[in-house]
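Visitor: Provided herewith is a single structure, encoded as structure tokens, for subsequent inquiry.
The values are calculated or read from the model by the stated rules, or taken from the named source; none is laboratory data. Predicted, not measured: the structure shown is a model, and the values here were computed from it. Please note: Cβ atoms are built from the backbone with ideal geometry, for glycine as well, and neighbour counts cover all protein chains shown. Protein only, heavy atoms only, side chains kept; ligands, DNA and RNA dropped before computing areas. Shrake-Rupley method; radii C 1.70, N 1.55, O 1.52, S 1.80 Å.
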Amino acid sequence: MSEPSSPILRMPPRWLMIVGSVAILLHLGAVAVQALAAHSGPWVTDFGPSPAEPPHFAELANRVGGRYYLHPLHLSYHYHFSTNYPNLPDVYFEAILRDDKGQHIKTLKFPDDAAGPLARHRQSGLARGLGGDFPMPMPGPESLPAPGRELRLVPMWDRVEKIKPNDLKLVEVRPHEARREWPTMRPSDWAVLLARSYARHLCREYGAASAEIIRYSQAPISPAVLVVLQPETLVAPKVVANFGVFPR
Amino acid sequence: MKKMRSSQIQERPAPARAPQAPPAPPAAPAAGAGFRESWVRFWFTPADPIVLHALRVLGGGLLLYWLLGYAGQVDAFFGPEGWFGRQALNEAVRLEGRTPALGWSVTYLAGGNSVALNAIYWASVLVLALFTFGVATRVTAVLSWVVVASFQANPALDYDPDALLAVLAFYLMVGHLLTGWSRQDLSPLARITGPLLSWPLGDRKVGQPLSSGANVAVRLVQVHFALVMVTSGLHKLNFGEWWSGVALWYPLHPAFETTLAAARHTSLGTDLYLALLSLATYAALAWQLAFPAFAWRPRARALLLGGAAAGWVWCGFISGLPLFGPAVMIFCLAYVTPREWHWLGGKLRQIPGPGKVLGKLFAPRLEKTVVQRS
């Protein structure tokens, strides 16, 4: 009894396999280089924690592969997931909406405790965008602007009261005016931009004339509380950072 | 690489020849030739497209869940007056060191028109649904990728799992673009658009044609995801909390929800609790860093899928990442071979009720196929 005939399948032609192999190598090479070209760290340096630059060969290759190939394909992520950071502070923000007479309309909290899981997930992302504070460099000598131009102001967290280190308000100062009495942090320009954008959106959404954006953040409790004698010292306080009032 | 050789493939025997002098013993194959053969076998061997179809159904379902999460808030998230509106975009472009991250998006076609934006949104949901159920897959695969890329263009919504969804959508598109061009049972039009109904609504007959394109796409998914896992694992080593085995403590004790008393309370005792925590942390780290070593091994299937399942539970219930876990599980299912999928189908057919219905979707494959090299 003869065996049933099996279908014959063709491998792709040789030229197609060569072209395909080149395409595969270039594509996966671009993906690998994109991952290598991400900053690493933060590492401990003589100047405090600081991210490290990527290897130069990866940075050079990624200027072409990342910008002109992966970015248009929306594949330009470096896979250093933010969730890999173990002890990122938890963040939520409130928006206090007021009318044109300054009367309080509504206070909104994001993420909203009453929202569904996906909605809360998205709102958490919006709140996390307001984070990312970093230390201001020590103020140097007074800078003078170029003729006809004004000195660029930088945002800085200042204490509302000297005795309350965790109650902050956003001010704009000349770089040399940053306080010297205590370590000073500042929000990223991106966070300030987002705060302004959120305020505009909520004002339009609720018909308010202005919105005050206040960020609440708290570092998680360290596991060292299980073993130390004075665990209270390891509990970080809630930090209240007021981005200020933004008009519609 | 040799262990990945499909047992379903055998070479066509050479035709009979006139008796000749006994051939010289074959020379040892050059190392380069061995690598070349392995490369060709790994990437271009025609494979059962059942894996690609399963990824399409599962991945399409996840993409639908992701996109439907924006329902009712489309204007807020993607409109010019939304959370990150047109004015914020203009300001972002002027920020030093910040490239304009938005790129292209079909949502821009709506301009400031809310009705048009919502129409684009619901059309996108329809596209993803059609793609998931296998309708005109060559066209809907491309449209699905366009949808996913468009609704991820907002930099204020830059979430970790979205990167995995973008990768999945891209390779599903590649797979459905490469598959089926040599199918003689399709009309020329159907070869361009893809069959009107692909698996599971169609194409379930025995002997579904094997495809090199399907194999290329699945292999790209596999290699890319392995790279993602190793990169993420190495990134974790930047942080002392992973080295000291306490990284998993933090999602278990969210800052706003944990008091000092609650943090210090352990029913297991401090030493045992910290020991288990550090073991679990190192297990998670080891799973990621060793991923390429076991992902392709059929005998390590329990480790692969068990780890993905554990990660899904963790991400969904502890870390508050509802999309990350399912995305990782779907990527891990890409390593399941066609033979294993059909084995699963056979097992499901033995379960009465819904199991039997699902099992019939996995039509049994021919055991042996002859491959002819060009």
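Visitor: Among the residues of the stretch A:43-84, count how many are among the aromatic types (Phe, Trp, Tyr), in a loop (DSSP other than H, G, I, E, B) and surrounded by fewer than 16 Cβ atoms within 10 Å (Cβ to Cβ).
Guide: Within the stretch A:43-84, residues that are among the aromatic types (Phe, Trp, Tyr), in a loop (DSSP other than H, G, I, E, B) and surrounded by fewer than 16 Cβ atoms within 10 Å (Cβ to Cβ) number 1.
Visitor: Okay, next question. When you go through B:GLY311, B:GLY316, B:GLY306 one by one, which is the residue that is touching a residue at least 12 places away in the same chain (Cβ under 8 Å), under 30 Å from A:SER124 (Cα atoms), of a type outside the set (A, V, I, L, M, F, W, C) and open to solvent by 20 Å² or more (accessible area, probe 1.4 Å)?
Guide: So the residue among B:GLY311, B:GLY316, B:GLY306 that is touching a residue at least 12 places away in the same chain (Cβ under 8 Å), under 30 Å from A:SER124 (Cα atoms), of a type outside the set (A, V, I, L, M, F, W, C) and open to solvent by 20 Å² or more (accessible area, probe 1.4 Å) is B:GLY311.
Visitor: Please go through the stretch A:100-122 and pick out each residue that is in contact with a strand residue (DSSP E or B) (Cβ under 9 Å, 6 or more places away or on another chain) and open to solvent by less than 50 Å² (accessible area, probe 1.4 Å).
Guide: A:GLY102, A:LEU108, A:PHE110, A:PRO111
Visitor: Is it the case, given these coordinates, that B:GLY233 is surrounded by 20 or more Cβ atoms within 10 Å (Cβ to Cβ), within 10 Å of chain A (Cβ to nearest Cβ) and either within 21 Å of the chain's Cα centre (by Cα) or of a type in the set (Val, Ile, Thr) (or both)?
Guide: Considered against the rule, which asks whether it is surrounded by 20 or more Cβ atoms within 10 Å (Cβ to Cβ), within 10 Å of chain A (Cβ to nearest Cβ) and either within 21 Å of the chain's Cα centre (by Cα) or of a type in the set (Val, Ile, Thr) (or both), B:GLY233 comes out as yes.
Visitor: If you don't mind, another one. Looking at (1) under 27 Å from A:LEU36 (Cα atoms); (2) in contact with a His (Cβ under 9 Å, 6 or more places away or on another chain); (3) of a type in the set (A, V, I, L, M), which one does B:VAL246 not meet, given that it meets all the others?
Guide: The number of the failed condition is (2).
Visitor: Is there any pair linking a residue in the stretch B:237-253 that is in contact (Cβ under 8 Å) with a residue 24 or more places away in the chain to one that is of a type in the set (S, T, N, Q) and open to solvent by 20 Å² or more (accessible area, probe 1.4 Å), with Cβ under 6 Å and at least six apart or on different chains, and which?
Guide: Listed pairs, sorted by first residue: B:GLY245/B:SER278; B:PRO251/B:SER319.
Visitor: Any residue in the stretch B:363-373 that is more than 12 Å from chain A (Cβ to nearest Cβ) and either surrounded by fewer than 19 Cβ atoms within 10 Å (Cβ to Cβ) or at pLDDT below 90 (or both)?
Guide: Taking every residue of the stretch B:363-373 in turn, at least one turns out to be more than 12 Å from chain A (Cβ to nearest Cβ) and either surrounded by fewer than 19 Cβ atoms within 10 Å (Cβ to Cβ) or at pLDDT below 90 (or both).
Visitor: Within the stretch A:5-16, identify whether any single residue is polar (S, T, N, Q) and open to solvent by 80 Å² or more (accessible area, probe 1.4 Å), and answer yes or no.
Guide: Taking every residue of the stretch A:5-16 in turn, at least one turns out to be polar (S, T, N, Q) and open to solvent by 80 Å² or more (accessible area, probe 1.4 Å).
Visitor: Kindly provide the set of residues from the stretch B:270-303 that are of a type in the set (Gly, Ala, Ser) and either open to solvent by 50 Å² or more (accessible area, probe 1.4 Å) or at positive phi (or both), ordered by number.
Guide: Across the stretch B:270-303, the qualifying residues are B:ALA283, B:ALA286, B:ALA293, B:ALA302.
Visitor: Within the stretch B:33-89, which residues are more than 10 Å from chain A (Cβ to nearest Cβ), touching a Ser or Thr at 6+ places or on another chain (Cβ under 6 Å) and more than 30 Å from B:TYR159 (Cβ to Cβ)?
Guide: Within the stretch B:33-89, just B:PRO49 meets the criteria.
Visitor: A follow-up question, please. Name the single residue that is surrounded by the fewest Cβ atoms within 10 Å (Cβ to Cβ) among those in the stretch B:187-226 being more than 12 Å from chain A (Cβ to nearest Cβ) and at pLDDT below 75.
Guide: B:LYS205
Visitor: On the basis of being in contact with a Leu (Cβ under 8 Å, 6 or more places away or on another chain), assigned to a helix (DSSP H, G or I) and open to solvent by less than 60 Å² (accessible area, probe 1.4 Å), does A:ALA23 make the cut?
Guide: Answer is no for this residue.
Visitor: Can you tell me which residue in the stretch B:179-194 is nearest to B:GLY134 (Cα to Cα), limited to those that are of a type in the set (S, T, N, Q) and not in a helix (DSSP H, G or I)?
Guide: Restricting to residues being of a type in the set (S, T, N, Q) and not in a helix (DSSP H, G or I), the top hit is B:THR179.
Visitor: So, restricting to helices (runs of 4 or more DSSP H) that lie completely within the stretch B:54-160, which ones have at least 2 residues that are farther than 27 Å from A:ALA115 by Cα and either open to solvent by 50 Å² or more (accessible area, probe 1.4 Å) or at pLDDT below 90 (or both)?
Guide: Here the list reads B:86-94, B:137-150.
Visitor: Are there any pairs, at least 6 apart or on different chains, whose C-beta atoms fall under 7 Å, with the first in the stretch B:43-56 and without any contact (Cβ under 8 Å) to a residue 60 or more places away in the chain and the second in a helix (DSSP H, G or I) and open to solvent by less than 10 Å² (accessible area, probe 1.4 Å), and if so, which?
Guide: none
Visitor: If you take the residues in the stretch B:239-268 that are more than 10 Å from chain A (Cβ to nearest Cβ) and outside any helix (DSSP H, G or I), which one is least open to solvent (accessible area, probe 1.4 Å)?
Guide: The selected residue is B:LEU268.
Visitor: To continue, here is another question. Quick one: would you say A:PRO89 is touching a helix residue (DSSP H, G or I) at 6+ places or on another chain (Cβ under 7 Å), within 30 Å of A:TYR216 (Cβ to Cβ) and at pLDDT 85 or above?
Guide: When the stated conditions are applied, A:PRO89 passes them.
Visitor: State all residues of the stretch A:67-92 that are farther than 30 Å from A:ASN242 by Cα and out of contact with any Leu (no Cβ under 9 Å at 6 or more places or on another chain); if no residue qualifies, say none.
Guide: The answer is A:ARG67, A:TYR68, A:LEU70, A:HIS71, A:PRO72, A:LEU73, A:HIS74, A:LEU75.
Visitor: Continuing with the same structure: Got a sec? Which strands (runs of 3 or more DSSP E) wholly within the stretch A:164-248 have at least 3 residues that are within 12 Å of chain B (Cβ to nearest Cβ), over 27 Å from B:HIS253 (Cβ atoms) and open to solvent by less than 40 Å² (accessible area, probe 1.4 Å)?
Guide: none
One line per residue, one yes/no per condition, for (1) more than 9 Å from chain B (Cβ to nearest Cβ); (2) more than 17 Å from the chain's Cα centre (by Cα); (3) in contact (Cβ under 8 Å) with a residue 24 or more places away in the chain:
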{"residue": "A:LEU73", "(1), (2), (3)": "no, yes, no"}
{"residue": "A:HIS80", "(1), (2), (3)": "no, no, yes"}
{"residue": "A:THR83", "(1), (2), (3)": "no, no, no"}
{"residue": "A:ILE96", "(1), (2), (3)": "yes, yes, yes"}
{"residue": "A:GLN103", "(1), (2), (3)": "yes, yes, no"}
{"residue": "A:LYS106", "(1), (2), (3)": "yes, yes, yes"}
{"residue": "A:ASP112", "(1), (2), (3)": "yes, yes, no"}
{"residue": "A:ALA119", "(1), (2), (3)": "no, yes, no"}
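Visitor: Within the stretch A:131-146, does at least one residue satisfy the condition of being more than 11 Å from chain B (Cβ to nearest Cβ), of a type in the set (Asp, Glu) and in a loop (DSSP other than H, G, I, E, B)?
Guide: Looking through the stretch A:131-146, at least one residue is more than 11 Å from chain B (Cβ to nearest Cβ), of a type in the set (Asp, Glu) and in a loop (DSSP other than H, G, I, E, B).
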